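See structure below.
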Amino acid sequence: MKIDDTTYSQFNTWKEILSEGNLWQSVIKTLSDSSLLETILQSSAAKSEWLFVGCGTSFYLAEAAALSWTLLTGQRARAIPGSELLLFPNLFLPDASHIQAVVISRSGRTSEAVRAANVLMQNLRIPTVGISCAPHSELEKACEFCIVLEAADEKSTVMTRSFTSMLLALQVLAARRANNRQFLEALGAMAAAFGPRVPMLARQMQEFVARHSFEDYVFLGQGPFHGIAREAALKVMEMSCSYSQFFHALEFRHGPKAIVSSKTCLTFFLSESGGKAEAEVLSEMKELGGVIVAICNRSNPQIRQSADLVIELDCNGEELAFLAPYTVPCQLLGLFTGLRKGLNPDQPKNLTRVVMLD
Ligand code: F1P
């Protein structure tokens with residue numbers, strides 16, 4: 001079936017995924033010169049370590065943002081789920097004076113995220129910046145500053161453009177901290193090139209899903225791509241109620257590969273730093289009988305020979321600029337797999353849009 005923007009227009013999730021490339025251009029342009037980001041950078045200038053906090057998709061966003069932060073600024077950064085801070089605050093007590101925190105929450109209402117922001121600000125005295133897609137939220141009230149990307153919010157339960165847009169916003173913040181204008185330009189060029197390609201990407205993924213029936217899904221990524229692998233697994237779980245796992249690509253050899261069969265879909269998020277080693281694992285899993293999706297910037301004969309589906313970004317610039325676009329094929333994988341199973345991606349089973357605790 002020919003796919004165009006209207007094919008699945010009854011689903012908010014489809015429209016939200018389709019809007020990502022153009023939305024990214026606006027986010028990157030607006031924040032590259034934002035005075036709020038300048039204020040945040042000035043207020044955090046003396047901080048030498050950054051702590052990114054989130055829940056669910058926003059925790060995996062925190063992971064990708066933390067590794068982006070270190071690779072762009074050279075500063076230490078780590079990511080934790082909001083619940084860790086609430087249940088094990090002593091992990092963060094020793095000398096917190098050098099730490100700057102960022103709490104990520106699309107809704108700005110998730111209880112664990114808002115409570116974590118209050119613990120950071122009130123108990124641990126760690127200055128905390130919020131990033132959300134909802135204005136005037138509880139998170140905004142709890143934080144010193146809050147970056148709000150209203151246009152990136154979704155009607156859907158499942159996070160798609162909010163994930164990629166908030167990740168790009170935090171990459172812009174990191175690039176500005178590092179005075180790396182070249183990376184900012186690479187992000188802008190990526191967004192401009194990627195937007196028009198989403199319908200073709202959707203066609204590729206829909207045809208792939210129509211050709212296969214899988215029992216389980218594995219997502220494999222190293223370095224900053226590991227957070228993307230975790231988010232991809234969650235997308236497929238949420239939208240299609242399928243069993244999904246994630247690993248560092250080379251870790252998959254150390255036992256988990258026991259599950260590989262012709263009913264296993266293995267998606268590799270191929271980095272440029274570790275691409276050679278990662279592609280070796282890809283070829284080995286093909287030999288074990290798995291069905292392989294290779295998401296890469298530029299493929300090579302080894303990848304094309306082993307992969308059942310190759311998705312090439314063909315972008316210039318640093319590989320950190322690939323994190324957001326690498327996410328979109330798996331948002332589409334989850335959408336089309338769910339549709340194929342007769343599910344409604346706008347109403348994912350068992351899920352609520354926000355997890356509120358008593
Ligand atoms: C976080 C979250 C989502 C999940 C579902 C419930 O929301 O856990 O990751 O997909 O929507 O909420 P938020 O804190 O980013 O609003």
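No value in this document is a laboratory result; all are computed from the given coordinates. Source: prediction; values computed, not measured. Cβ sites come from the backbone with ideal geometry, for glycine too, and all protein chains shown count toward neighbours.
Overview of results
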read-out	value
Residues of the range 75-101 with amide N under 12 Å of a point placed 7 Å along Cα→Cβ from ALA46	97-99
Residue order, fewest to most beta carbons within 10 Å, for LYS155, LYS47	LYS155, LYS47
Whole-Hz ³J(HN,Hα) from phi, Karplus 6.51 cos²θ - 1.76 cosθ + 1.60, for the range 44-51, glycine and proline x	9, 4, 8, 7, 10, 9, 10, 10
Restraint check, LYS235/LYS257; LYS235/LYS263; LYS47/LYS235; LYS47/LYS141; LYS263/LYS341; LYS15/LYS263, Cα-Cα greater than 24 Å	LYS47/LYS235; LYS15/LYS263
Simple spin-label estimate for LEU91 and ARG76 in nanometres, 7 Å along Cα-Cβ	1.5 nm
Cα gyration tensor shape of the range 241-358, rounded if a/c is under 1.5, else prolate or oblate by comparing a/b with b/c	prolate
Net charge of Cβ neighbours under 11 Å - reference ALA210; Lys, Arg +1; Asp, Glu -1	+2
Charge context of GLU318, other residues only, Cβ under 13 angstrom, K/R +1, D/E -1	-2
Residue (of SER34, ALA202, PHE145) at the positive-pole extreme of the chain, dipole from beta-carbon charges	ALA202
Top positive-direction residue, dipole computed over the chain with Cβ charges, set ALA233, SER111, SER9	SER9
Electrostatic dipole magnitude of the range 193-340 [Cβ: Lys, Arg +1; Asp, Glu -1; Cα centre; debye, to 20]	320 debye
Cβ charges +1 (Lys, Arg) and -1 (Asp, Glu), total dipole of the chain, debye	240 debye
Extension gain (nm, one decimal) between LEU351 and ARG197, 0.36 nm per residue minus Cα-Cα	52.4 nm
Residues SER26 and GLN182, FRET efficiency given R0 of 22 Å [Cβ-Cβ distance, rounded to 0.05]	0.60
Degrees separating the helix 57-73 axis from the principal Cα axis of the chain, which is the longest one	70 degrees
Degrees between helix 225-240 axis and first principal axis of the chain (Cα, 0 to 90, nearest 10)	70 degrees
Residues in the range 209-238 that a label on LYS341 would reach, taking backbone N under 11 Å of a point 7 Å out along Cα→Cβ	214-217, 236-238
Pairwise label distance in nanometres, GLU38 with ARG211, each label 7 Å out on the Cα-Cβ vector	5.2 nm
Unit charges on C-beta of K, R, D, E only; dipole of the range 89-158, Debye	120 debye
